[in-house]
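Undergrad: Below you will find the structure I want to go over with you.
A short reminder: the numbers here are calculations on the coordinates, not readings from a lab. Quick caveat: nothing in here was measured; it's all calculated off a predicted structure. Virtual Cβ from ideal backbone geometry, glycine too; neighbours counted across all protein chains shown.
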Amino acid sequence: MTTERSFSVMARRWIPASAQLLFDAWTQPAELMQWWGPTGVKCTDARIDLRVGGTYLIDNLMPDGRLVRIVGDFEVVEPPRRLSYSWRVEPGEETPERVTVRFEPCDGGTEVVVIHERIASTSTRDRHEQGWQGCLEGLSRYVIAN
Amino acid sequence: MATDRLLNETFAALADPTRRAILARLATGECTVNELAAPFDISLPAISRHLKVLEQASLIVKTRDGQRRRCRLDPLALDRAADWLQFHRRFWNESLDRLAVHLRHTRKSKEIPHGPYRKARRGKK
C-alpha cells in the first residue's frame, strides 16, 4: 500500500432520484453525454462496456477546443450502488487514476459520492475498499462540501 | 511522463503528517535542518530522511551555508498538486450539479413522489 498513498478528491451530492436512475445516468452513454463534465466542457462521445474488465471512453471537448479523451476499465460494477474504474487521460498522463462512485439511498433520494484517487502504482486491480480511507487523513480541507 | 511521476512523488510525500508539518514550518520561512528538527520528537537522521523525500518530490530545496544546511520551500510542486486537486474538485462538483439538473428535467425523476426536495445537501465525512 505504501506506493498507493496518494491524495484524493471527494465530491458528494444529494439528488432527489433513485439509485437506479442515477446509476443509469452514469453508465448509459446517451444519458451521460447530457450532463457529463464541468461548465464549458462538452461531451462529444461516450462508449461504455459496463462489466468488470470492460472499457469505457469519454470524449471531452474543452473550452479551448482541445479534445481530451478519458479512458479506463471497470473494476467494480455493482448496480445500482457502486462503480469503480480506472481513469486515464489521453493525450497525457500515463499513470492510471481511479474513480469510485457510490449511490447511497437516503432521505427519499440518493447521495452520490465520488472519490477520485491518484494511484501512484499500477496495481489498479486491487479492490480494497479501504484504500482511499487512509488517504483522507489530512485531506479534510480538500473534501468537497458544496 | 516525467511531470506525472513528479506529481505522484509530490502526493506520496504529502501523505505523511511529519512531512506536512515540516512544510508548514518552511512556509513561514527558510530555516536550518536543526531548527526544523527541534519541534519533533524524532532523530535527526529520521528528519533527514523526511527531508530527502521532500527534496526528491521537489517540494523543498536544500542549500549549504557554510557548515549549516538550510531548507526552503519550493512552491512549484505544491502548485501543481493544488492544480490537480482544484481541477478535479471543480470537474466533479460541476458534473454533479449538471447531473442533478439533468435528472430534474427528465420525467423519470418523478418516480419518488413524496421524497423531500432539497437542493444539494451538504455532506460531511
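Undergrad: Mind listing the Cα extents of region A:42-100 along all three principal axes, in Å, largest one first?
TA: 36, 23, 15
Undergrad: Work out the mean other chain Cβ neighbour count within 10 Å for the residues of A:39-47 and drop it here as an integer.
TA: So the per-residue partner count for this stretch is 1.
Undergrad: For peptide B:83-90, what's the mean number of Cβ atoms from other chains within 10 Å of each residue's Cβ?
TA: Mean shielding count: 6.
Undergrad: Just want to confirm a number: the relative contact order over region A:1-60, from Cα pairs under 8 angstrom separated by 6+ residues, in percent.
TA: Reported relative contact order: 21 percent.
Undergrad: Same structure, new question: For region A:21-68, what is one quarter of the convex hull surface built on the Cα atoms, given in nm²?
TA: Reported value for the Cα convex hull: 3.5 nm².
Undergrad: While we're here: For a quick check: with amide H placed at 1.01 Å from N, whose amide H comes under 5 Å from A:PHE7's, ignoring anything fewer than 5 positions away on the same chain?
TA: Those lying under 5 Å, H to H, from A:PHE7 are A:ARG118.
Undergrad: Only sites in a loop by DSSP and with at most 10 other Cβ atoms within 10 Å count here; which trypsin sites (Lys or Arg not before Pro) in region A:1-94 make the cut?
TA: When the trypsin sites (Lys or Arg not before Pro) of region A:1-94 are filtered for loop state and at most 10 Cβ neighbours within 10 Å, A:ARG51, A:ARG66 remain.
Undergrad: Evaluate peptide A:27-38: per residue, the Cβ atoms of other protein chains within 10 Å of its Cβ; return the mean as an integer.
TA: Averaged over the peptide's residues, the number is 4.
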